[in-house]
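Working notes for the structure below.
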Amino acid sequence: MARNNDPFSQNIDWLTLLLYLGCVTMGWLNVYAAVYSPEDHTSLFDMNTNAGKQMMWIGTTVILIICILVINHTFFDTFAFVFYGFMILMLVLVLFAGTNINGSRSWFKFGSFTIQPAEFTKVATALALAKYLDVPGINLAKRKDLMFIGGIIVLPCILILASNETGSTLVFASFVIMLYREGLPSWIPAVGITAAALFVLALVFPKLYIFIGIGALLGLIVVLMPRYNRTLTNVLAMGLVGIVMIGYVTGVDFFVNNVLQKHQRNRIKVLVDPKIDPLGVGWNVTQAKIAIGSGRLQGKGFLEGTQTKFDFVPEQSTDFIFCTIGEEHGFVGALVVIALFIGLVSRIVILAEKQRTKFARVYGYCVAGIIFFHVMVNVGMTIGLMPVIGIPLPFFSYGGSSLWSFSILLFIFLKLDSRRTALTRR
């Protein structure tokens, strides 16, 4: 019986742990490669470099992991709303006492180190959602429950957006994956996907073409309706949907030009037309593509990346760490990293489906969704398929807040899963 309670026994899912260690190790080596200078010959352990500081963050992360594994699993369920409330308080405080870095007042600075509360708020929000959805009788088809859940997600989004941290705000959209698994009405994500598609189309194509497309699509839907559903009410409803869609498309230009800030508009313009200003607002994406493309199949070799050595790609050890992977390890190395993440997310989903409690299952899907969203957007923005919104690549990008938050996020789930494993073996 004692062995079942041992946090370091076979109760931990070792495959997930190995995938995690693979990501962290490769991340550390690539942070070193991103800041390596052949003139200085700095070592992996030089505390004056990002690589040395990342090593320190890895060491402190091990302590955090040990603490999570020795804590009773009920701790996270019991104090879920307390964690959430505390992080909301931190988001409020950072607006007044935070340090402005790169135009975002979302950091607490302690000497030479900084902590970003928004990173940890994702963990707290995942726990709060799991706690609320675990209550008997909660149903996502009920308007009251859906509004309460929406409030849990939207509140931190508003505060993070107020600190001018758009990228971290968008990550909260990843919770839709979990909500859909738990019974979210399918029309809600369908509306979201349609709105996103129309937004992009409105930036790329003339409005008239889009209006014709909307009319043709809705007309086709009406024609294909079963005859008993083709009532006047349904036809008028489709017409109303068309009017709303046309109004939405018409308002895209106003939103982009009058609501978004200048740097946000520039990121959208670069996404639509990467050649618009290759020496200005398009510099990051242009150089990222050059770095990744120059790696070809097998890469230039570890520490041999010329784009890295001559600092062509800004923020290469943080948001653009994937450029280092692509340049020095080529298509093969990039494929290995993506395979690692696919394996990790897939394993988390598999484990989530095996959970005996709804709390653990919901939390597991939150973990999978957050990691998936980060990887998709981070890799996408380095190859020009996503706007540059400044979110890290999990376990790879340099930074203590990022490494701590993703590790805490993952190992809370592994702790919850270890309880399931222990009960199964009894």
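The values are calculated or read from the model by the stated rules, or taken from the named source; none is laboratory data. Everything numeric here is computed off the predicted structure, so don't read it as measured data. So basically every Cβ, Gly included, is an ideal-geometry build from the backbone, and we count neighbours across all protein chains shown. Calculation scope for accessible area: heavy atoms of the full protein, side chains included, ligands and nucleic acids excluded. Shrake-Rupley method; radii C 1.70, N 1.55, O 1.52, S 1.80 Å.
Criterion first (open to solvent by less than 30 Å² (accessible area, probe 1.4 Å), among the polar types (S, T, N, Q) and touching a Lys or Arg at 6+ places or on another chain (Cβ under 8 Å)) does Ser397 satisfy it? Against the criterion (open to solvent by less than 30 Å² (accessible area, probe 1.4 Å), among the polar types (S, T, N, Q) and touching a Lys or Arg at 6+ places or on another chain (Cβ under 8 Å)), Ser397 does not qualify. Considered as a group, the residues in the stretch 353-385 that are among the hydroxyl-bearing types (Ser, Thr, Tyr) and assigned to a helix (DSSP H, G or I) include one that is most open to solvent (accessible area, probe 1.4 Å), and that residue is Tyr365. Considering the stretch 136-174, and only residues there that are part of a helix (DSSP H, G or I) and polar (S, T, N, Q), the residue that is farthest from Phe81 (Cα to Cα) turns out to be Thr166. Taking the stretch 372-424 as the range and being in contact (Cβ under 8 Å) with a residue 40 or more places away in the chain, more than 19 Å from Thr169 (Cα to Cα) and of a type in the set (S, T, N, Q) as the test, the residues that pass are Thr382, Ser407, Ser418, Thr421. Residues in the stretch 221-269 that are under 26 Å from the mean Cα position of the chain (by Cα) and either aromatic (Phe, Trp, Tyr) or part of a helix (DSSP H, G or I) (or both): Val252, Phe255, Val256, Val259, Lys262, His263, Gln264, Arg265, Asn266, Arg267, Ile268, Lys269.
Condition check: open to solvent by less than 70 Å² (accessible area, probe 1.4 Å), more than 19 Å from Ile153 (Cα to Cα) and in contact with a strand residue (DSSP E or B) (Cβ under 7 Å, 6 or more places away or on another chain). Does Gly111 satisfy that? Outline the logic, then answer.
Details: open to solvent by less than 70 Å² (accessible area, probe 1.4 Å): yes; more than 19 Å from Ile153 (Cα to Cα): yes; in contact with a strand residue (DSSP E or B) (Cβ under 7 Å, 6 or more places away or on another chain): no.
So Gly111 does not fit the description; no.
Examine the stretch 269-280 for a residue that is at pLDDT below 80, crowded, with 19+ Cβ neighbours inside 10 Å and of a type in the set (Lys, Arg), and state whether such a residue exists. The answer is no, given that none of the residues of the stretch 269-280 is at pLDDT below 80, crowded, with 19+ Cβ neighbours inside 10 Å and of a type in the set (Lys, Arg). Filtered by the rule that a residue be small (Gly, Ala, Ser), modelled with pLDDT of 90 or more and open to solvent by 50 Å² or more (accessible area, probe 1.4 Å), the stretch 164-189 gives a lone residue, Ala173. Taken together, the residues in the stretch 350-371 that are in contact (Cβ under 8 Å) with a residue 40 or more places away in the chain and acidic (Asp, Glu) amount to 0.
Would the stretch 138-153 turn up any residue that is open to solvent by 30 Å² or more (accessible area, probe 1.4 Å) and among the acidic types (Asp, Glu)? Within the stretch 138-153 (the criterion being open to solvent by 30 Å² or more (accessible area, probe 1.4 Å) and among the acidic types (Asp, Glu)), the answer is no, since none of the residues qualifies. Taking (1) within 17 Å of Pro394 (Cα to Cα); (2) open to solvent by less than 30 Å² (accessible area, probe 1.4 Å) in turn, Thr49 satisfies each apart from (1).
Here are some residues: Phe205, Phe199. Which one is surrounded by 11 or more Cβ atoms within 10 Å (Cβ to Cβ) and either within 30 Å of Tyr365 (Cβ to Cβ) or at pLDDT 90 or above (or both)?
Going through Phe205, Phe199 in turn, just one is surrounded by 11 or more Cβ atoms within 10 Å (Cβ to Cβ) and either within 30 Å of Tyr365 (Cβ to Cβ) or at pLDDT 90 or above (or both): Phe199.
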